[in-house]
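The values are calculated or read from the model by the stated rules, or taken from the named source; none is laboratory data. Everything numeric in this text was worked out from a predicted model, so none of it was measured. In this analysis, Cβ positions are derived from the backbone assuming ideal geometry, glycine residues included, and neighbour counts consider all displayed protein chains. Side chains are part of the model used for accessible areas, which takes the heavy atoms of the whole protein and leaves out ligands, DNA and RNA. Shrake-Rupley method; radii C 1.70, N 1.55, O 1.52, S 1.80 Å.
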Amino acid sequence: MSDKMNFQADVSKMLNIVVNSLYSEKQIFLRELISNASDACDKLKYLALTNPNIAKQSGQLKIILSADAKNNTLTVSDNGIGMNKDDLINHLGTIAKSGTADFVKNASENGSAVELIGQFGVGFYAAFMVADKVEIITKKAGDDAAWKWESNGVDGFEITSANKDTNGTDIKLYLKDDAKDYVDTIYLRQIVRTYSDHISYPIILNLGEAGEETINSASALWTRHKSEITEENYKEFYHHISHNFDDPWLTLHFKAEGNIEYTGLLFIPSDAPYDLFQPDRKNGLKLYVNKVFISDKVEALIPAYMRFVKGVIDSADLPLNISREMLQYSPLIEKIKHGTVSRILKELKKRTKNYDDYMKFWKNFGAVLKEGIYEDFGNREEIAGLAYFASTAFNDKLSSLDEYVERIKSDKKNIYYITGDDVNVLRNNPQLEIFNAKGIEVLLLTDPIDEFWVQVLPNYKGAVFKHVSQVEDDMVLQREETKADEGSLQKLVTLMSEMFESEVGKVVATEKLTKSPVSLTVENGQMSLHLERLMRNHQQQTAFASTRILEINPYHPLIIKLADMTMDESNKQKIEEIAKMLLDQAKIAEGEAIENPSFFSEKMSEYILKSL
């Protein structure tokens, strides 16, 4: 009996993307299959810690390559954990399991698809670059049944019962006519030594009657001295553990000694993964104890704000039989985490000395790292010192907080900021006019996390964070322009307050505006309008909604004219019409939705026509 099933994605499109994107590096398929085999051996080794009997039949864990030149096939075998029927369906029947449709669409449209491929876990399917057909015989450790999976990569896959004496997986590739090189044992040796020499299990080349040959060094790379490791070794190990095709932006290899000893080999990617902000994204570290794989799901090993870090931590001080649950609460894990985070932060600080290089990291992972300012009390200020922001002082570069503090000219040590969705929109926000006029720099914060970390970091190196809405009363300009008459201005304020009673808390005249007739802000100490929008967008309750304040500029010719018009009751309808447009204008400048876009558009067109 066999089950014929369709892949859970548009396979023809997917495989076309894989083949075209990776055509110049077809040999990558072998690295991916060997990495998967290594992972299967890791899993069985871990399972055997608590259930020794399950691995008895396996013997020494290893990976075997068998090339058959006569039939033009290549088989990659392992005696690892193996798969059952459900595993075959879930792991090999659902291509790019997370975000499949978006992946296919984006990769099809993106000119640099090679960068996308490595981010979506499609390594196994690279086998179809060189094979017309793939056949898998597998048996899961502890199970009696074995299964056969086969597919031509086009019209689905078929699963049937099979015979296999031992646990593990055999992947047989029926090579294409133009892929005969992959039955050449000399070429296979070269590929393995280039891409998979670091694999900690023997990779054995089956030479038929000539016997067998181990073709990798079979030593865990992180256990070797740095002087013995080349940059290429590091790169290929990064590719092995990350399944990415970019090169690491940062490689950090260290050995910690003291109360607890552990070795770390960590990498920061050059490119951001597609799922960086997905809530269910796991950290990228694998935990080993004396080279024995324990888990890649120890959330306590590294904080969430460093979830972009890939690599390995290996400690001899942890017990081999420790459970994953105990690891989450282990004081030893906490010490490892503390030391690892400290090393990463120090290394990032060194890299800030090269602005252009650091910006490659910051633009990919800065928004994530800033989560640490909010979450990590102990390292809060150090992380803030690594952060860079857009600023009114520059159009084409970002500024650190240290640089901002150095540029403060006033005796009042304040770091002013404004939050929003877009830097260019923020630069033109009316609330910045007084700051621009007085030559005071303002940080332009556009990541959602910016709304939160400024609440828990009240000051940085003696400088206090202040939203632009918290401008001091004494921040005024000496002005000689004509100002609206106090009496008529007060009538206009009263009229607009009555008009907009349901939309704003109050209407006030302000000295803070220099070019705009109006602006929209909130009471001191209340959540910003941007934060309120974020909460609404995420369907959060806004029971503590901010009190909106409509500020009007008594020096602006339009406000002066409107104020004068209040002296004649017959102008009331026209004043109300223009006042509505002014409120809409203030909302648009602040990023708020306007109540009646049709009215605003109609009146805007009408007034433009009159001016022509």
Might you let me know whether the stretch 19-30 holds any residue that is closer than 24 Å to residue 244 by Cα, at pLDDT below 60, outside any strand (DSSP E or B) and β-branched (Val, Ile, Thr)? yes
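Select from the stretch 127-159 the residues that are within 24 Å of residue 57 (Cα to Cα), of a type outside the set (D, E, K, R) and surrounded by 14 or more Cβ atoms within 10 Å (Cβ to Cβ) and list them in ascending order. Outline the logic, then answer.
Within the stretch 127-159, the first condition is being within 24 Å of residue 57 (Cα to Cα), and the residues that meet it are 135-149.
Then drop every residue that is not of a type outside the set (D, E, K, R), which leaves 136-138, 141-142, 145-147, 149.
Scanning the stretch 127-159 gives 136, 137, 138, 141, 142, 146, 147, 149.
Looking for whichever is open to solvent by less than 60 Å² (accessible area, probe 1.4 Å), over 18 Å from residue 383 (Cβ atoms) and under 25 Å from the mean Cα position of the chain (by Cα) here; the options are 351, 281. Which one fits? First the steps, then the outcome.
On the way: 351 fails: over 18 Å from residue 383 (Cβ atoms).
Exactly one of 351, 281 is open to solvent by less than 60 Å² (accessible area, probe 1.4 Å), over 18 Å from residue 383 (Cβ atoms) and under 25 Å from the mean Cα position of the chain (by Cα), namely 281.
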Kindly indicate the residue of the stretch 368-379 that is out of contact with any Phe, Trp or Tyr (no Cβ under 8 Å at 6 or more places or on another chain) and either open to solvent by less than 80 Å² (accessible area, probe 1.4 Å) or in a helix (DSSP H, G or I) (or both) and also nearest to residue 276 (Cα to Cα) among those meeting that condition. 379
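Applying the selection to the stretch 370-390, what residues are touching a strand residue (DSSP E or B) at 6+ places or on another chain (Cβ under 9 Å), among the aliphatic types (A, V, I, L, M) and closer than 16 Å to residue 458 by Cβ?
Initially, the stretch 370-390 is screened for residues touching a strand residue (DSSP E or B) at 6+ places or on another chain (Cβ under 9 Å), giving 381, 384-390.
Of the ones still in play, those that are also among the aliphatic types (A, V, I, L, M) are 384, 386-387, 390.
Selection gives 384, 387.
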Going through the stretch 477-490 in order, the residues found to be closer than 25 Å to residue 568 by Cβ and either part of a loop (DSSP other than H, G, I, E, B) or in contact with a helix residue (DSSP H, G or I) (Cβ under 7 Å, 6 or more places away or on another chain) (or both) are 481, 482, 483, 484, 485, 488, 489
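How many residues, within the stretch 249-278, are over 22 Å from residue 226 (Cβ atoms) and buried (at least 16 other Cβ atoms within 10 Å of the Cβ)? Outline the logic, then answer.
Going through the stretch 249-278, the residues over 22 Å from residue 226 (Cβ atoms) turn out to be 259, 271-278.
From what is left, the residues that are buried (at least 16 other Cβ atoms within 10 Å of the Cβ) are 271-275.
Qualifying residue count for the region: 5.
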Which one of 466, 409 is open to solvent by 20 Å² or more (accessible area, probe 1.4 Å), more than 23 Å from residue 584 (Cβ to Cβ) and not in a loop (DSSP other than H, G, I, E, B)? 466
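Examine the stretch 336-348 for a residue that is farther than 16 Å from residue 399 by Cβ, in contact with an Asp or Glu (Cβ under 7 Å, 6 or more places away or on another chain) and open to solvent by 30 Å² or more (accessible area, probe 1.4 Å), and state whether such a residue exists.
Filtering the stretch 336-348 for residues farther than 16 Å from residue 399 by Cβ gives 336-348.
Then keep just the ones that are in contact with an Asp or Glu (Cβ under 7 Å, 6 or more places away or on another chain); that gives 345.
Filter once more, keeping what is open to solvent by 30 Å² or more (accessible area, probe 1.4 Å): none.
Scanning the stretch 336-348, I find no residue that is farther than 16 Å from residue 399 by Cβ, in contact with an Asp or Glu (Cβ under 7 Å, 6 or more places away or on another chain) and open to solvent by 30 Å² or more (accessible area, probe 1.4 Å), so the answer is no.
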Take the residues of the stretch 172-200 that are free of Cβ contacts under 8 Å to residues at least 60 places away in the same chain and part of a loop (DSSP other than H, G, I, E, B): which is farthest from residue 77 (Cα to Cα)? 176
Set 353, 297: member being assigned to a loop (DSSP other than H, G, I, E, B), modelled with pLDDT of 80 or more and over 18 Å from residue 241 (Cα atoms): 353
Starting from residues that are surrounded by 16 or more Cβ atoms within 10 Å (Cβ to Cβ) and either of a type outside the set (Asp, Glu) or under 29 Å from the mean Cα position of the chain (by Cα) (or both), keep the ones in the stretch 424-436 and report whichever is nearest to residue 512 (Cα to Cα). 434
Read through the list (1) under 24 Å from residue 221 (Cβ atoms); (2) over 17 Å from the mean Cα position of the chain (by Cα); (3) surrounded by fewer than 22 Cβ atoms within 10 Å (Cβ to Cβ), then give the number of the only condition that residue 300 fails. (1)
Six or more apart or on different chains, Cβ under 8 Å: which pairs go from a residue in the stretch 203-228 that's on the phi > 0 side of the Ramachandran plot to one that's open to solvent by 20 Å² or more (accessible area, probe 1.4 Å) and modelled with pLDDT under 90? Could you list them? 218/200
Give the residues of the stretch 277-293 that are closer than 17 Å to residue 368 by Cα and at pLDDT below 85, sorted by residue number. 277, 278, 279, 280, 281, 282, 283, 284
Looking at the stretch 469-493 only, could you name the residues that are open to solvent by 50 Å² or more (accessible area, probe 1.4 Å) and over 17 Å from residue 523 (Cβ atoms)? 474, 476, 478, 480, 481, 482, 483, 485, 486, 490, 491
Could you list, in sequence order, the residues of the stretch 170-214 that are buried (at least 20 other Cβ atoms within 10 Å of the Cβ) and among the polar types (S, T, N, Q)? 196, 200
Filter the helices (runs of 4 or more DSSP H) completely within the stretch 45-120 down to those with at least 1 residues that are under 30 Å from residue 292 (Cα atoms) and at pLDDT below 50. 113-117
